[in-house]
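Here the structure is laid out as structure tokens; the discussion comes afterwards.
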Amino acid sequence: MSEEIFDLVVIGAGPGGYVAAIRAAQLGMKVAVVEKRSAMGGVCLNEGCIPSKALLDSSELFHLARDRFAHHGIEVAPPTIDVGRMMSRKEDVVKKLTDGIAFLFKKNGISSFAGEGRLAGADGNGVHRVEVKGDSPATVSAHKVLVATGSEAVEIPALPFDGESVVSAREALSFPAVPEHLLVVGGGYIGLELGSVWLRLGARVTVVEMLPRLVAGSDGQVADGLMRSLKKQGMEFVMQAKVAGVEKRDGKLVARVETEGGNQEIECDKILVAVGRKPLTAGLGIEELGIRLDRGRVVVDGEYQTNVPGIYAIGDLIAGPMLAHKASEEGVVCVERMKGEPSLVDYGCIPGVCYTWPEAASVGKTEEALKEEGVEYKAGRFNFMGNGRAKCMDETDGFVKVLAEKEGGRVLGIHILGPRASDMIAEAVAVMSFGGSAEDIALTVHAHPTLSEALREAALDVDKKAIHA
Ligand code: NAI
């Protein structure tokens, strides 16, 4: 029997790889996927985006029942938490979604290989081989290989992960009980989202951040507003600080924190280190094959092809923000381009969302970036305080900011701090993707009363025409 040769083998079934595999199968390719986890979906579904959102939603409900119901005239006995049940609901959500991917693989005729994939070179005909290490070792042959192995948490040498006391997001998504005091190192996406979960569930949460502001790279006013809101909720911050080390004392952890104003010790029960992620390239055979890296990231061309013909890479492995939707988009575009379609990722229109409360969502340029680039722009802003629906919801923290070209009014960036900003940003992305202007948003009828009216008012404010400002 002749050896089976696939058109494409994808290494890694995260949001980049699994989406690419399905799209490739839809396009008629014979596709195999190599995945080392027992469940599909990668970090995003198993220990990232999905479980964190499940816990953010559960903890938000608890917080509402405990702190906000009475304001709406609803009296309930003080609620209690069953962390075990909360965790099993989260796991159930994850399982349904990861099973869903396995189902889609079957439906699309995709072959799955369980184990760790490693690039093992190509034969004289340019057929690539991927070795699969696992319970059923195998070698998969394919004309093209797409590497989509994602990233892993960065470790701080002074604070090595021990899986118990000093942990990454993986463990912080599964604490068996609410810690008394959680120290979070890094005021970025993971730190603020998981810090919010445990804060709402009753932990004291202190965030130690190296920079003078949160969520590096975000709009400055959004970052400041978010910090104010989180402080109101009880989150504590030590800014421009680093943790230099940790020791155990009387059953507690004591972190040595270095700040510009001097050093301090912080006693806590758990330390979540969330200082960024790095591409997962080790053990893939990347160096052996001479695949080019730039500061740890795989270098690819416009087709997502590496310098080794037939080997492609997407997602967290390559340049750009480490976001699930960016990886998925690249996966689709990569395989469509393999088939000669003129697909492109619009890198100027990739939204970013921090799922705190209020949520922070943005797309396009920040005001800081426009100033730095010397671009002439107009800004419009509208506070949720003036939005009827936000008042009904009792969620008036935050604002919408629209940045538009001075001449012509084309939208350059939209930044939202507020309730359900994660959903509202979709309109901003759509308008920007079509090259739309602030006036296009302003001339669009928005249902009343909705939160989205705040976006329209901010767009009107670009030309100082907001009605409710
Ligand atoms: P991040 O890059 O968002 O934030 C890391 C923060 O840690 C930065 O503010 C940085 O200044 C700070 N930092 C770095 N070294 C430090 C040190 N030694 N001491 C104190 N602070 C330090 O990284 P994070 O939160 O770990 O997330 C990793 C990746 O996952 C991000 O690239 C993000 O794109 C992605 N992610 C996205 C989410 C979303 O879209 N909602 C949710 C979670 C993660």
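Looking only at the range 365-386, which residues are in contact with a strand residue (DSSP E or B) (Cβ under 8 Å, 6 or more places away or on another chain) and within 16 Å of the ligand (Cβ to nearest atom)? Of everything in the range 365-386, just one residue is in contact with a strand residue (DSSP E or B) (Cβ under 8 Å, 6 or more places away or on another chain) and within 16 Å of the ligand (Cβ to nearest atom), namely T366.
No other residue among A319, A244, A327 is modelled with pLDDT of 95 or more and out of contact with any Lys or Arg (no Cβ under 6 Å at 6 or more places or on another chain) apart from A327.
Could you look through the range 232-263, keep only residues that are among the charged types (D, E, K, R) and closer than 24 Å to L173 by Cβ, and pick out the one that is least open to solvent (accessible area, probe 1.4 Å)?
So the first thing to find is which residues in the range 232-263 are among the charged types (D, E, K, R), and the list is 232, 236, 242, 247-250, 252, 256, 258, 260.
With closer than 24 Å to L173 by Cβ added as a condition, the list becomes 236, 248, 252.
Numbers: E236: 69, K248: 139, K252: 48 Å².
The qualifying residue least open to solvent (accessible area, probe 1.4 Å) is K252.
Residues that are in contact (Cβ under 8 Å) with a residue 40 or more places away in the chain, over 30 Å from H72 (Cα atoms) and either assigned by TED's automatic domain parsing to the domain that holds G188 or part of a loop (DSSP other than H, G, I, E, B) (or both): does the range 404-424 have at least one?
For the range 404-424, residues in contact (Cβ under 8 Å) with a residue 40 or more places away in the chain, over 30 Å from H72 (Cα atoms) and either assigned by TED's automatic domain parsing to the domain that holds G188 or part of a loop (DSSP other than H, G, I, E, B) (or both): present.
Taking the criterion of being of a type in the set (A, V, I, L, M, F, W, C) and either away from the ligand (no atom under 16 Å from the Cβ) or open to solvent by 10 Å² or more (accessible area, probe 1.4 Å) (or both), the residues of the range 186-201 that qualify are I190, L199, L201. Figure legend. Inter-residue proximity from the range 438-467: first residues farther than 18 Å from M385 by Cβ, second residues of a type in the set (S, T, Y) and open to solvent by less than 60 Å² (accessible area, probe 1.4 Å), beta-carbon distance below 9 Å, spacing 6+ or different chains. Indicated pairs: V462/S437. For the range 345-364, a residue qualifies if it is in a loop (DSSP other than H, G, I, E, B) and within 15 Å of the ligand (Cβ to nearest atom), and the qualifying residues are I350, P351, Y355, T356, W357, P358. Annotation for the range 45-54: at least one member residue is surrounded by fewer than 19 Cβ atoms within 10 Å (Cβ to Cβ), closer than 21 Å to S88 by Cβ and touching a residue at least 24 places away in the same chain (Cβ under 8 Å). When you scan the range 202-246, how many residues do you find that are under 21 Å from the mean Cα position of the chain (by Cα), β-branched (V, I, T) and within 9 Å of the ligand (Cβ to nearest atom)? Number satisfying all stated conditions: 3. For the range 308-341, a residue qualifies if it is assigned to a loop (DSSP other than H, G, I, E, B) and crowded, with 22+ Cβ neighbours inside 10 Å, and the qualifying residues are I314, I318. Considering only the range 202-225, state which residues are among the charged types (D, E, K, R) and open to solvent by less than 10 Å² (accessible area, probe 1.4 Å). D219, the sole residue that qualifies. Among the residues here, G251 qualifies as at pLDDT below 95 and more than 16 Å from the ligand (Cβ to nearest atom). Against the conditions (1) in contact with a helix residue (DSSP H, G or I) (Cβ under 8 Å, 6 or more places away or on another chain); (2) under 24 Å from A216 (Cα atoms); (3) open to solvent by 30 Å² or more (accessible area, probe 1.4 Å), F382 satisfies every one except (3). Here K106 meets each of (1) in a helix (DSSP H, G or I); (2) in contact (Cβ under 8 Å) with a residue 12 or more places away in the chain; (3) not hydrophobic (A, V, I, L, M, F, W, C) with one exception, condition (2). With respect to the conditions (1) away from the ligand (no atom under 16 Å from the Cβ); (2) in a strand (DSSP E or B), V178 falls short on a single one, namely (2).
Close Cβ contacts (under 7 Å, 6 or more residues apart or on different chains) running from residues in the range 186-206 that are of a type in the set (D, E, K, R) to residues that are within 12 Å of the ligand (Cβ to nearest atom) comprise E193/S52; E193/L56; E193/C354; E193/Y355; E193/T356.
Per-residue answers, yes or no, for (1) in contact (Cβ under 8 Å) with a residue 40 or more places away in the chain; (2) away from the ligand (no atom under 16 Å from the Cβ):
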residue: L119; (1), (2): yes, yes
residue: D123; (1), (2): no, yes
residue: V130; (1), (2): yes, yes
residue: A138; (1), (2): no, yes
residue: L146; (1), (2): yes, yes
residue: G150; (1), (2): yes, no
residue: I156; (1), (2): yes, no
residue: D162; (1), (2): no, yes
residue: S168; (1), (2): yes, no
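The residues of the range 264-278 that are open to solvent by 20 Å² or more (accessible area, probe 1.4 Å) and either within 11 Å of the ligand (Cβ to nearest atom) or assigned by TED's automatic domain parsing to the domain that holds L317 (or both), listed by number, are V275, G276, R277, K278.
The values are calculated or read from the model by the stated rules, or taken from the named source; none is laboratory data. What you are looking at is a predicted structure, and each value in this text was computed from that prediction instead of being measured. Here the Cβ is made from the backbone with ideal geometry for all residues, glycine too, and neighbour counts use every protein chain on show. Note: accessible area is taken over every heavy atom of the protein model, side chains too, but ligands, DNA and RNA are not part of it. Shrake-Rupley method; radii C 1.70, N 1.55, O 1.52, S 1.80 Å.
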